[in-house]
Every structure is written in structure tokens, then in C-alpha cells.
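These notes concern the structure reproduced below.
What follows draws every value from the coordinates through simple rules; no lab data is involved. A quick note: this is a predicted structure, and the numbers were derived from the prediction, not measured. Using ideal geometry, Cβ is built from the backbone for each residue, glycine included, and neighbour counts are taken over all protein chains shown.
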Amino acid sequence: MGDNYILKADHITVKFPGVLALDDAQLHIKRGTVHALMGENGAGKSTLMKVLIGINRIQPGGTVEFNGQQVTITSPNDALQQGIAMVHQELSPIPEMTVADNIYLGREKMRGLIIDKRDSIRRAQELLDKLNIRVDPTEKMKNLSIANTQMIEIAKAISYGAQLIIMDEPTSAITEVEVKHLFEMVNNLRDSGISIIYITHKMDEVFEIADEVTVLRDGQFIATKSASEIDKDGLIQLMVGRDLKDIFNKETVPIGESVLEIKNFTRKKEFRNVSFDVKAGEIVGMAGLMGAGRSELMMALFGVTKLEEGEVYIRGEKVEIKEPLDAIKHKIAFLTEDRKLTGLYLPLTVKENIMMTNLNQFTSGGRLQHRKMEKVCEEEVQKFTIRTPSIKQKVELLSGGNQQKVLVSRWMLADPDILILDEPTRGIDIGAKSDIYALMTKLAKEGKAIIMISSELPEIIGMSDRVVVMHEGKLTGILDRSELDQERILAYAAGELDDYKEAQS
Amino acid sequence: MKKSKLSQFTDKFGMLIILILLVIVISILHPSFLSASNFSNVLKQIAVYVIIGYGVTFIIITTGIDLGLGSYMALGGVLAALCAKGTLPGIVGMIVATLIGLAIGLINGLVISITKIPPFICTLGMTTITRGAALLITNGKPVSQLNKSFCWFGSGVVGFIPTPIIWLIIFTIISWILMDHMKFGQYARAIGGNERAAIISGINIFKYKVLIYTYCGICCGFAGAVLAARVASGSPGAAEGYELDAIAGSVIGGTSMAGGVGSVWGVLIGSLIIGVMNSGLNMLGVSAYWQEIVKGIVIIVAVIMDERKNRKKL
């Protein structure tokens with residue numbers, strides 16, 4: 001019994017103080033398959049994975065069978081010893097150490113008290129060659145792209161002899177091309193008999209890579225299906241428990257005058273000579289691969305970094321934006337790419353997080369008007385359906401989607417005319433995504449100008465009126481909604497098509 | 001995520017309960033501890049710790065640190081004492097000390113903001129600079145025989161309240177307003193909570209960091225003068241190690257070294273715990289060496305308890 005399955009987890013219940021995070025859930029993984037694990041944020045995916053790597057304790061009655069044997073996993077290290085490894089969404093390599101040292105950290109071959117570095121490098125090189133990862137083992141971790149860092153984490157898991165590898169949203173921070181590499185690797189691993197649990201929010205990936213899919217909702221097991229016997233709509237229905245026909249809900253909105261125009265934006269190492277404009281009521285998507293310079297461009301527009309060359313016009317008038325405060329005064333809002341790194345004040349409350357950009361509105365004679373702030377804050381929480389027990393809750397305790405809504409609410413309170421949204425739906429669940437798309441549509445109707453950077457092409461195609469594509473810091477094309485298709489955008493993003501070639505040489 | 005009433009209560013008032021228990025235990029062992037005169041004595045001694053504790057708390061909230069509090073107090077104290085040797089009114093010495101504190105804080109804030117060197121290093125340098133300056137000005141000797149008008153600021157009374165306690169109350173109110181009711185405190189939290197997010201929120205980090213270090217300097221300069229006035233002498237070696245008690249009081253009061261978290265109420269309670277413990281152990285005749293050891297243990301245990309409290313919430 002069970003030899004067909006690498007993992008059988010049954011009757012898994014996990015309780016946190018006051019919360020039932022998992023309620024009699026199950027997960028069965030067939031040997032040598034890629035198994036997608038899906039569900040909205042808060043559905044219990046991470047909780048379940050933390051059971052498998054020994055971080056969460058389960059209630060009596062639950063069993064975990066690994067390789068046909070009942071096991072108790074006591075710590076991530078114990079999980080590794082038994083053959084289960086997890087590649088986390090937020091990677092945590094030691095940046096100043098080399099690739100080889102990171103892989104063999106804690107398992108270095110010693111010559112007396114001295115680490116045999118040459119041995120680590122040799123073994124790392126063999127490992128990387130075997131997995132077809134083109135990274136120099138003597139390179140420092142900090143110099144690697146996110147995608148390569150991820151590859152190294154996977155290599156590390158393999159080096160431990162892992163038979164089951166858990167990948168937590170591995171594509172949330174990498175580009176389409178890098179996703180292809182990752183998928184090749186995943187396929188190779190599967191062929192060599194390794195089983196993979198693949199956590200993702202992205203529907204398309206499930207059908208591209210997974211053999212089976214398990215859906216969790218509100219901590220409960222909903223279903224395990226073969227990827228071939230279910231389609232996207234069916235999957236969404238399982239996840240949200242209701243029908244979601246088209247999450248984008250793009251509406252055509254009359255497009256007005258040009259609101260924001262940037263000309264010849266240049267920071268030589270990041271982007272060169274980029275010009276485009278955004279009109280009232282328009283959503284301009286920005287597509288490109290990782291490192292195309294899109295976020296950097298927006299950072300410079302917002303005054304976070306200094307432009308070397310370039311001009312900004314708002315409604316035809318030239319303006320100077322030297323620091324974010326200037327941008328905010330010109331009614332620009334900037335929802336940054338990385339919530340935790342550049343958006344949230346994690347130790348602070350929901351209220352403080354929403355208010356921080358807007359304190360001037362709530363200051364009278366130098367004194368903060370707490371009561372007014374609290375009232376407005378309660379309204380915001382209602383308006384954006386932020387799920388929080390109170391506005392005094394620490395924001396770090398909220399789920400990703402709700403954290404994102406806190407940031408959106410912060411910026412909406414500043415009443416902007418121009419919105420820069422950098423990966424606005426990264427790592428959030430479908431419900432919250434659909435709320436954000438609806439908000440974008442509403443804002444467009446109100447005549448706001450919106451720039452949306454996104455690495456998810458369906459999102460770019462679903463929401464944009466025009467798409468600006470960049471490749472290695474240069475503008476390669478501006479496409480109208482009518483000419484949008486996945487391949488075309490990718491060709492511009494890869495630099496194969498370039499409408500501005502002569503102009504820039 | 002409902003928590004029991006009891007644990008909500010202990011979260012909020014845990015340190016206050018510990019303070020009260022501490023007072024009760026010491027009073028049982030040594031009944032005169034609770035007498036009005038002794039109590040106001042204890043408060044008089046603690047006052048300067050709390051005042052500099054307020055100053056450094058804002059800095060700790062931004063994830064910075066200031067190691068020089070005691071030295072700034074010494075420099076402020078000797079300058080104030082020099083002013084008070086003749087017939088100048090005492091207020092002049094107070095103002096001079098406060099201004100020198102302000103200047104020191106301003107320099108710290110500017111150097112840290114412009115050069116981006118770690119606050120630890122900058123203020124470490126400033127510690128020896130100011131201590132050296134205090135020694136240089138006085139030739140290493142205490143400045144004494146100070147006029148009465150100056151000494152009033154440290155040992156006078158208003159009605160029946162000793163002046164140091166008046167200053168304690170005033171700085172508590174100022175710090176509370178800065179912390180809870182002005183952008184000053186909110187932005188300190190923002191900078192400590194996430195500096196990069198603060199930049200994008202349009203917060204003028206440079207300005208507020210400089211202001212925050214400057215406020216700490218003001219607290220130290222003023223507290224240094226109060227200390228000199230209380231002991232009627234400006235000593236260049238004064239207030240050695242005060243920064244440690246001030247920082248400890250702040251941290252025991254719930255200020256997070258990781259930034260973003262801290263309150264005036266907490267610092268007051270935390271500093272009172274340190275102060276009550278110091279004078280309580282003294283009264284009980286515990287040897288000074290043991291006092292240091294006990295204090296160290298209490299600091300570590302208090303912070304461990306606080307950490308656990310925070311982790312429980314997750």
C-alpha cells in the first residue's frame with residue numbers, strides 16, 4: 001500500500017491561538033509528479049507546507065506518510081534529512097558568500113579546522129552541470145538574479161538528496177523567459193523521479209506544468225484533480241467557491257488629454273532615452289523582462305532616484321520632481337513592486353500604515369487629529385474590504401492581499417491624478433486581484449491616468465489600453481490594445497522587435 | 001484572534017505590574033522606602049535618566065542609537081557650572097547647557113544623515129569628543145561653588161515638588177506630544193518601520209532624522225545641567241554610563257531595537273523600574289557589584305519576556 005505515493009498526509013488539523021488554520025485537510029502526492037497546490041491567500045497552503053517541513057505541529061489524529069512510512073517531522077532540518085526540501089518564496093541566501101558556500105553551508109568538507117573550499121566548488125560545479133544551471137559556483141550570491149538564486153536553492157535541495165521538493169510561488173518574481181527555464185528544470189526533475197509540490201496563484205502555470213492539482217479553501221481540503229480533467233474556470237470555481245467569469249472586467253473608458261508625459265528619460269546604467277505619455281482615463285501597461293528597467297524608470301519619475309537626463313510634463317507643463325514629496329504634490333501615487341521592502345511599515349498598525357503619506361491632511365496647528373484619522377481609517381477599511389480585526393492591528397499580521405489593499409488605500413487617500421502601479425497583484429489571491437482590477441477600472445472612469453508595470457502578460461493584455469515595452473533599458477515598442485498578443489509583446493520584450501532602433505543608435 | 005482579557009491586560013500593563021511588585025517587595029523588606037521623602041528622593045535621582053531616555057527612545061525607534069548621552073550631559077553640566085560660578089542668573093547656565101546639547105545632537109544628526117555612517121560609530125566618536133571637551137575645559141577638575149540661583153534648578157522646590165520632578169513632568173509632556181500627537185513621532189516610527197517605504201511616502205527623512213538626534217541632544221544638555229545643579233558641581237566625569245541605564249529603561253519599556261516601536265509611557269515605566277531597582281537595592285544594602293549583576297539580568301529577562309509576548313501574537 002502507498003508505494004504509488006511519495007506523500008500521504010491525512011486528517012491534518014493545525015490550530016493557532018484563536019484560528020483553525022487547517023481543518024482535517026489532506027494531501028496525496030504521487031511519486032514522480034508535479035502537484036500544484038492552489039487556494040486563495042489564507043486557504044492554508046503555507047500552513048500545510050510548514051507541517052511538511054516540521055515548522056507547524058498538527059493536532060492528534062493527523063498522519064503524515066512519507067515513502068510509505070509514517071513519519072513525524074520535527075524541524076526543517078529533520079525534513080531535509082528525510083528527503084523533503086522547500087524552496088521559499090522569499091529566498092534567504094547569504095549574499096556575501098559564494099554559490100558553492102551557500103549550497104554546502106553546514107556540510108563543508110573539512111581538512112582539520114580548515115574548510116576545503118576547492119572541494120565545495122568542485123562538487124557545486126558538478127551539481128550545477130548536472131542540473132544545467134549556468135552559474136559560476138565562485139560567484140557571490142548577491143550578484144545573482146532572483147531566478148538564478150532560486151535555481152541555486154533548488155540545486156541545494158537536490159544536493160541534500162530531496163525526493164520531494166516544495167516550491168512556493170517560484171514564478172512570482174521572475175520573468176516569462178526565466179519561467180521557461182524553471183519549467184524545463186522542473187520537467188527534468190520529474191523525469192528523474194523527484195516529486196514536486198508547486199504552490200502558485202497562476203492558473204496558466206498549473207496547466208502547463210502540473211500533473212495533478214489540489215485545492216484548499218478556508219483551511220479545508222476541497223479536491224484533488226488531474227490537470228487534464230479540469231479547466232481554468234473549474235479551478236477558479238473550486239478555489240473561490242463561486243463563479244468568476246472574467247476577473248479583469250476591462251471596460252472601455254473615454255480617453256482624454258495627455259496628463260503625464262516623460263521625455264528622454266535616462267539613467268545610463270538603468271534606462272536610456274525613454275519617452276511616452278499617459279492620458280486621462282488610460283491604463284498604460286509596461287511590459288518587459290526582469291532588468292528591463294521599468295521599475296527603475298518609475299523610481300526616477302517619482303523622484304526616488306535622480307534622473308541624469310529627461311523632462312516631465314504634467315498637462316503640458318514642465319515640472320521638476322526632485323524627491324518623492326514633489327511627486328506627491330503633483331498628485332502622483334506610486335504603489336511599489338515589493339510590498340514589504342518599500343511599501344509597508346510592518347511593525348506599525350493598519351491605521352499608521354494608511355495614514356503615513358497623508359498626515360498633512362490630518363494635522364491642525366502641528367497637532368495630529370487622531371479622531372478624524374480613525375474615522376477616515378474605518379471608512380477606508382470598509383471601502384477596500386480590508387480584512388483586519390481592528391485598525392490598530394499590526395499590518396504584518398495581515399495576509400498579502402489585505403496588506404496590498406492597505407497600501408492601495410494609503411495612496412487613494414492622497415487623491416492622486418496619476419497612479420503608478422508596480423506589479424499591483426503580485427502574490428495576492430484571486431479575490432483581492434479582482435478587487436484591484438475593479439478599482440483600476442473605476443479610477444480610469446474617473447479620468448485618472450494609470451501606469452501599470454506587470455510581468456504577467458495576461459494581466460497586461462487584460463487591463464491595458466496601450467502597452468509600453470522595454471528591453472534592457474530601452475523602449476522597443478508602444479502597442480495599442482488592438483495589437484496586443486502574448487507573442488508580439490514577448491518579441492518586443494526580448495528585443496527581437498524594436499520600433500526605435502534607428503532613433504537610438 | 002481574540003485574546004483573553006487577562007493577557008490583553010498584561011500586554012498593556014505588564015511592566016507597570018512589575019514596577020508595582022518591585023515597589024511592594026522593596027517596601028516590605030525596607031518599610032521606609034515608601035516614605036514620601038524617600039520616594040521623592042528616588043524620583044529626583046531618576047528624573048535625569050528618564051529625560052535622556054525619552055531623547056534616545058526616538059532615536060532607537062528609527063533603528064539608530066546614541067551612545068554618548070552621559071558624555072553630553074557631562075559637557076552640558078560643566079558649561080552650565082562655569083556660567084554659574086559668578087553672579088549670572090542660573091537660567092543662563094541651563095540655556096547654555098541645553099544649547100550645547102542641541103548643537104551636539106544637530107551635528108550627530110547631520111553627520112549620520114549626510115555621510116550615512118552607522119549611528120553607533122558616529123555617536124561613539126562623539127562620546128569621546130564631548131567627554132574630552134569637558135575634561136579640557138575644566139582641566140579635569142570639577143567646577144564647584146555654584147550660585148544658588150543655578151542650584152535651584154536641581155535642588156529647589158516649587159510648592160512641595162522638587163524641581164527635577166517638575167522637569168521630568170515637563171519633558172514627559174513634551175515627549176508625549178512629540179510622540180503621539182505630532183508628525184515627529186509618527187515619522188520616527190515610519191523611518192524605523194521601513195526607511196525605504198518612508199522615502200516613497202514622501203517623508204523628509206533627512207530633516208526628521210536631524211530633528212530626532214537634535215531633540216536627544218537637547219534632552220541630554222538640559223539633564224546634564226540639572227544633574228550639576230542637583231549636586232552643586234559640574235564634573236567632567238559626571239554621568240558616566242548613564243546612557244546604558246537610559247537605553248535599558250527604554251528597552252524594558254518596550255522600545256524595539258529593530259525599530260518602529262516605542263512609547264513615552266513605556267519609557268517612563270521602564271526607567272522607573274531601573275531607577276527603583278537601583279535605589280531599592282542600595283537601601284537594602286546589596287553590594288554595588290551585585291547591583292550591577294542583578295540589573296543586567298533584569299534587563300535581559302525583561303526583553304526576553306517582551307520578545308515572547310510579540311511572538312505569541314503571530
Averaged over residues of B:187-198, the number of beta carbons from other chains lying within 10 Å of each residue's Cβ is 6
Amide proton proximity set for B:Val143, modelled H, under 5 Å, gap of 5+: B:Gly234, B:Ser235
Estimated vicinal HN-Hα couplings, Hz - the stretch A:399-406 in sequence order (Karplus 6.51, -1.76, 1.60; Gly, Pro = x): 6, x, x, 6, 4, 4, 5, 4
State the answer as a single residue: which of A:His370, A:Ser455, A:Val406 lies farthest towards the positive end of the charge dipole of the stretch A:258-504, with beta carbon charges of +1 for Lys and Arg and -1 for Asp and Glu, about the Cα centre. A:His370
Give the angle, between 0 and 90 degrees and rounded to the nearest 10, that separates the Cα long axis of helix A:430-445 from the longest principal axis of the Cα atoms of chain A. 10 degrees
Separation of the stretch B:51-107 and the stretch A:334-376 by C-alpha centroid, Å? 33 Å
If a helix is a whole DSSP H run, which ones in chain B reach 18 Å or further along their own axis (Cα) and hold a mean Kyte-Doolittle hydropathy of at least 1.6? B:5-29, B:69-83, B:90-115, B:163-181
Return the Rg/Rh value of the stretch B:127-237, two decimal places, where both radii are evaluated on C-alpha atoms and Rh is the Kirkwood radius. 1.11
Fewest-first sequence of A:Val213, A:Val406, B:Val301 by Cβ atoms within 10 Å of each Cβ: B:Val301, A:Val213, A:Val406
Rounded if a/c is under 1.5, else prolate if a/b beats b/c, else oblate: with a ≥ b ≥ c from the C-alpha gyration tensor eigenvalues square-rooted, which is the stretch A:159-222? oblate
In the stretch A:258-504, what percentage of the DSSP-assigned beta bridges are antiparallel, given to the nearest 5? 55 percent
Work the Kirkwood hydrodynamic radius out for the stretch A:230-388: mean of 1/r over every pair of different alpha-carbon atoms, inverted, in Å. 19.1 Å
Binning at 10 Å from 0, report for the stretch A:1-145 what percent of all alpha-carbon pair distances ends up in each bin. 10, 30, 28, 23, 9, 0
Rounding to the nearest 10 and keeping the result within 0 to 90°, find how far the Cα-based axis of helix A:117-131 lies from the longest principal axis of chain A. 80 degrees
Can you work out the Karplus-derived ³J(HN,Hα) for every residue in the stretch B:256-262? Use 6.51 cos²θ - 1.76 cosθ + 1.60 with θ = phi - 60°, whole Hz, and x for glycine or proline. 9, 5, 7, x, x, 10, x
Antiparallel DSSP beta bridges within the protein assembly as shown, percent to nearest 5: 60 percent
What is the stretch A:258-504's relative contact order, in percent, from Cα pairs under 8 angstrom and six or more apart in sequence? 28 percent
Let a ≥ b ≥ c be the square roots of the eigenvalues of the Cα gyration tensor of the stretch B:75-181; is it rounded (a/c under 1.5), or, if not, prolate (a/b larger than b/c) or oblate? oblate
Find the centroid of the Cα atoms in the stretch B:224-300 and in the stretch A:112-160, then give the distance between the two in whole Å. 50 Å
Rg/Rg_ref, chain B, where Rg_ref = 2.2 N^0.38 Å and atoms are Cα: 1.00
Highest mean first, what order results for B:98-108, B:148-158 on Cβ atoms within 10 Å? B:98-108, B:148-158
In peptide A:356-363, how many Cβ atoms from other protein chains are near each Cβ within 10 Å, on average? 5
Quantify how strongly other chains surround peptide A:338-348 by giving the mean number of their Cβ atoms within 10 Å of each of its Cβ atoms. 6
In the Gaussian network model of chain B, springs joining C-alpha atoms below 10 Å, which of B:Ile247, B:Ile46, B:Ile121 carries the largest mean-square fluctuation? B:Ile121
Once you've got the Cα coordinates, tell me which of A:Lys250/A:Lys279; A:Lys50/A:Lys156; A:Lys180/A:Lys268; B:Lys209/B:Lys295; A:Lys263/A:Lys405; A:Lys202/A:Lys383 are over 23 Å apart. A:Lys180/A:Lys268; B:Lys209/B:Lys295; A:Lys263/A:Lys405; A:Lys202/A:Lys383
Yeah, the stretch A:256-304 with a ≥ b ≥ c from its alpha-carbon gyration tensor (a/c under 1.5 is rounded, else prolate when a/b outruns b/c, oblate otherwise) is prolate
Mean separation of Cα contacts under 8 Å, 6 or more apart, over the residue count of chain A: relative contact order %: 15 percent
Note the angle between two axes, namely the Cα long axis of helix A:146-159 and the longest principal axis of the Cα atoms of chain A, as a number of degrees from 0 to 90, rounded to the nearest 10. 10 degrees
Take the alpha carbon atoms of the stretch A:11-69, find their center, do the same for the stretch A:309-323, and report the distance between the two centers in whole angstrom. 52 Å
Around A:Gly447, which amide H atoms from residues at least 5 apart in sequence, or from another chain, sit under 5 Å from its own amide H, with H modelled in the peptide plane? A:Gly281
Report the semi-axes of the equivalent ellipsoid for the protein assembly as shown in whole Å, largest first, where each axis is √(5λ) for an eigenvalue λ of the Cα gyration tensor. 54, 34, 26
Dipole of the stretch A:4-90, positive direction: furthest Cα of A:Gly54, A:Gly39, A:Gln82, with charges on the beta-carbon: A:Gln82
